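K.L.:
Please see the structure below; I have some questions.
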Amino acid sequence: MFGLAYFKWEEIWSPVFLAVMLLITAAYLVLTGPVHDRLHKGKPVRAGRKALFLLGMTVLYAAQGGPVELLGHIMFSFHMVSMALSYLIAPPLLMLGLPDWIWRRLAEQLSRSPLSRLRFLTHPIVAAVVFNGLFSLYHFPAIHDYVMLHFAIHRLYYAVLFIAAILMWWTLVKPLPDHLEVHGLKQMGFIFLNMVLLTPACGLIIFAPEPLYATYSDPAVWAQAMGYCVSGDPGMLLSRFGGPEFFGYLEPAIDQQVGGIIMKFIQEIIFASMLAYVFYNWYKRENREDDELSGDEAKMNLT
């Protein structure tokens, strides 16, 4: 499917990255299982929380190490699927999967390090602007092609973007509620801000009249970028396939538009769901407070 049959198993599944992800998962299961009581005297980590973490690791691996990663170097639409999985779906799952005592220990360690000076990045508006700004900047054609052609910068940019996604999701997931008092209307405003900030980049991609990225339209540039996913001389890719259009079911311009639509659609679905959830909880809290106030007034009248 999608030309995966032309590539080796190790090129599709990235065994080194898979091994790293399995080691991290094993460390998590040990910390929340056999040695949990030695590190924390509270309640054991629930199975549901563990399942969220495992699901988050699976999603992240699928996006950055599995077939989606390879296809993301061939078709822009799959690149956007990878971005959505990596930064909109995996981070909240992983954050919800970590128990609060691990977050508290991480927060204590960071507070004692020079990184504590960057605490301002956890402010909701700053976090939203930084994440969406980095995401939008990355999809400027010249920057995107440069990053895709330089492996070290590519990995560094993705790591920074992942940290920025964690900071952005912090306001919504609230792994340590006592560290951040943002709820109700403020949370809804934060969600709207994120939905708005990503719109210009998606609009640029969706409504561009021609392909923007040489990585997906220029065979020579594509072959060089693929060199980081496929072993051997990139020139062999050109002689064997001729370019990314060999695999594409869509023309580059249409594939680009589909990618922009996919990203915006996934973002809208996720944040609209969060908006509904936050509004529902805010509405319940307001009604409960009104009921309590009415009850107190009734008691005063009786006395």
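The values are calculated or read from the model by the stated rules, or taken from the named source; none is laboratory data. Since the model is a prediction, treat every value here as computed from it, not as a measurement. Positions of Cβ are generated from backbone atoms using ideal geometry, with glycine treated the same way; all protein chains shown enter the neighbour counts. The accessibility values were calculated without ligands, DNA or RNA, using every heavy atom of the protein model including side chains. Shrake-Rupley method; radii C 1.70, N 1.55, O 1.52, S 1.80 Å.
K.L.:
Among the residues in the range 234-252, are any on the phi > 0 side of the Ramachandran plot, open to solvent by less than 40 Å² (accessible area, probe 1.4 Å) and not in a helix (DSSP H, G or I)?
P.N.:
Yes, that holds for at least one residue.
K.L.:
Return a yes/no flag: does the range 281-289 have any residue that is open to solvent by 60 Å² or more (accessible area, probe 1.4 Å), part of a helix (DSSP H, G or I) and at pLDDT 90 or above.
P.N.:
The answer is no; no qualifying residue exists.
K.L.:
Next question, about the same structure. Out of curiosity, is Arg112 free of Cβ contacts under 8 Å to residues at least 60 places away in the same chain, out of contact with any Phe, Trp or Tyr (no Cβ under 6 Å at 6 or more places or on another chain), within 20 Å of Thr25 (Cα to Cα) and open to solvent by 20 Å² or more (accessible area, probe 1.4 Å)?
P.N.:
Values: free of Cβ contacts under 8 Å to residues at least 60 places away in the same chain: yes; out of contact with any Phe, Trp or Tyr (no Cβ under 6 Å at 6 or more places or on another chain): yes; within 20 Å of Thr25 (Cα to Cα): no; open to solvent by 20 Å² or more (accessible area, probe 1.4 Å): yes.
Here the answer is no, as Arg112 does not meet what is asked.
K.L.:
Collect the residues in the range 168-196 that are at pLDDT below 85, surrounded by fewer than 14 Cβ atoms within 10 Å (Cβ to Cβ) and over 19 Å from Glu286 (Cβ atoms), keeping them in residue-number order.
P.N.:
If the condition is that a residue be at pLDDT below 85, surrounded by fewer than 14 Cβ atoms within 10 Å (Cβ to Cβ) and over 19 Å from Glu286 (Cβ atoms), then Leu176, Asp178, His179 are the ones that fit.
K.L.:
Does Trp13 fit the bill of being under 23 Å from the mean Cα position of the chain (by Cα), modelled with pLDDT under 95 and open to solvent by 70 Å² or more (accessible area, probe 1.4 Å)?
P.N.:
Spelling it out, Trp13 is indeed under 23 Å from the mean Cα position of the chain (by Cα), modelled with pLDDT under 95 and open to solvent by 70 Å² or more (accessible area, probe 1.4 Å).
K.L.:
Looking at the structure I just gave you, is Leu161 among the hydrophobic types (A, V, I, L, M, F, W, C), modelled with pLDDT of 95 or more and open to solvent by less than 50 Å² (accessible area, probe 1.4 Å)?
P.N.:
Taking the combined requirement at face value, the residue satisfies it.
K.L.:
Any idea which residue in the range 202-218 is modelled with the lowest pLDDT, counting only those that are assigned to a loop (DSSP other than H, G, I, E, B) and surrounded by fewer than 15 Cβ atoms within 10 Å (Cβ to Cβ)?
P.N.:
Taking the candidates together, the pick is Pro209.
K.L.:
Only one residue in Thr199, Thr122 is surrounded by fewer than 19 Cβ atoms within 10 Å (Cβ to Cβ), β-branched (Val, Ile, Thr), at pLDDT below 95 and in contact with a Lys or Arg (Cβ under 8 Å, 6 or more places away or on another chain), so which one is that?
P.N.:
Unique residue meeting the criteria: Thr199.
K.L.:
In the range 1-16, which residues are assigned to a helix (DSSP H, G or I) and out of contact with any helix residue (DSSP H, G or I) (no Cβ under 7 Å at 6 or more places or on another chain)?
P.N.:
Ala5, Tyr6, Trp9, Glu10, Trp13, Pro15, Val16
K.L.:
As an exercise: evaluate Gly72 against (1) in contact (Cβ under 8 Å) with a residue 12 or more places away in the chain; (2) in contact with a helix residue (DSSP H, G or I) (Cβ under 6 Å, 6 or more places away or on another chain) and give the number of the one condition it does not meet.
P.N.:
So Gly72 meets the others, but not (1).
K.L.:
How many residues, within the range 19-34, are in contact with a Gly (Cβ under 9 Å, 6 or more places away or on another chain) and open to solvent by 50 Å² or more (accessible area, probe 1.4 Å)?
P.N.:
Within the range 19-34, residues that are in contact with a Gly (Cβ under 9 Å, 6 or more places away or on another chain) and open to solvent by 50 Å² or more (accessible area, probe 1.4 Å) number 1.
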